[in-house]
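The values are calculated or read from the model by the stated rules, or taken from the named source; none is laboratory data. What you see is a predicted model, and the numbers here were worked out from it, not measured in a lab. Positions of Cβ are generated from backbone atoms using ideal geometry, with glycine treated the same way; all protein chains shown enter the neighbour counts.
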Amino acid sequence: MIQQFDKRNKDIKVWINGELLQRDEAKVSVFDSVVQGGDAVWEGLRVYDRKIFCFDEHLNRLMESAKSMDFENIPTLEYIKDAIFSTLKANGMKDDTHIRLTLTRGKKITSGMNPQLNQFGCTLIVLVTSNIRRNSPLCLDSKIHHANLINNILAKIEANHAGVDDAVMLDLDGFVAETNATNIFMIKNGTVYTPFPKACLPGITRDLIIEICNNNDMKILEKDISLTELYNADEVFTTGTMGELARVVEIDKRKIENKGGVLVQLQSLFRKLTETEGEGLTF
């Protein structure tokens, strides 16, 4: 389901390199690497009841992705945290908030692909607002949380044309990788399964579900999953920071039976985590 415009976002302020700008004024240079080649990394975070959930995990992944992309002059964690807190405070947002955090390689001295043309340092952007194959590591390693999402966008376009919410993306061997926007899980005979993180992002919410299962004596396995197995699952759900745990009711016009109640149990356990964990806001 496409998100509807939330009037609370009409006048939001966006942080760009130390400035808080009204959304219509929030822009980056046409020479910025994110414009030139999608050369950026990003995170999506959620605020629950004055706490940023999995804050350190998201920031650690951002920094590791930036390091893997060989960014230079990466802002410090303290600077990034201050930018996030300042943006939330400026917008008066303390709960039920999604944060889009983007770090680009920065502005280039002239158009071109060579990272040596980026001589101004990284660009930090903090935004708060409520048939395609997934790349293999041979092409573009999905463990980097990069901003080059063209193949995911093309898959989403296919989903739009098919009149469905999202597209299941396969790896180069034909096994399920993820959807165009989220990680995917299936449940069969009480066991929870999810694809190996080979051609998918090993998401933070995905890791939490694995941890929840292990801590609550719920059997969970990573494996190569075929579409046939997905069609015949007892339950299927997706995970992501924005959508949390979302039930899947149909894949390729095959109805998912959604029997067993394991997902409801996982949703309850996940909700308890969001109520007790997270980095508290300082305002």
For this session: May I ask you to list the residues in region 215-271 that are in contact with a helix residue (DSSP H, G or I) (Cβ under 8 Å, 6 or more places away or on another chain) and among the aromatic types (Phe, Trp, Tyr)?
Result: PHE237, PHE270
Exercise. Conditions: (1) surrounded by fewer than 15 Cβ atoms within 10 Å (Cβ to Cβ); (2) closer than 14 Å to MET186 by Cα. ASN258 meets all but one. Number of the miss?
Worked result: (1)
Exercise. Any idea which of LYS143, LYS156 is in contact with a Pro (Cβ under 7 Å, 6 or more places away or on another chain), modelled with pLDDT under 95 and outside the structural domain of VAL262 (by TED's automatic domain parsing)?
Worked result: LYS143
Seminar exercise, completed: Turns out the helices (runs of 4 or more DSSP H) fully within region 204-283 with at least 2 residues that are in the same structural domain as THR182 (by TED's automatic domain parsing) and among the acidic types (Asp, Glu) are 204-215
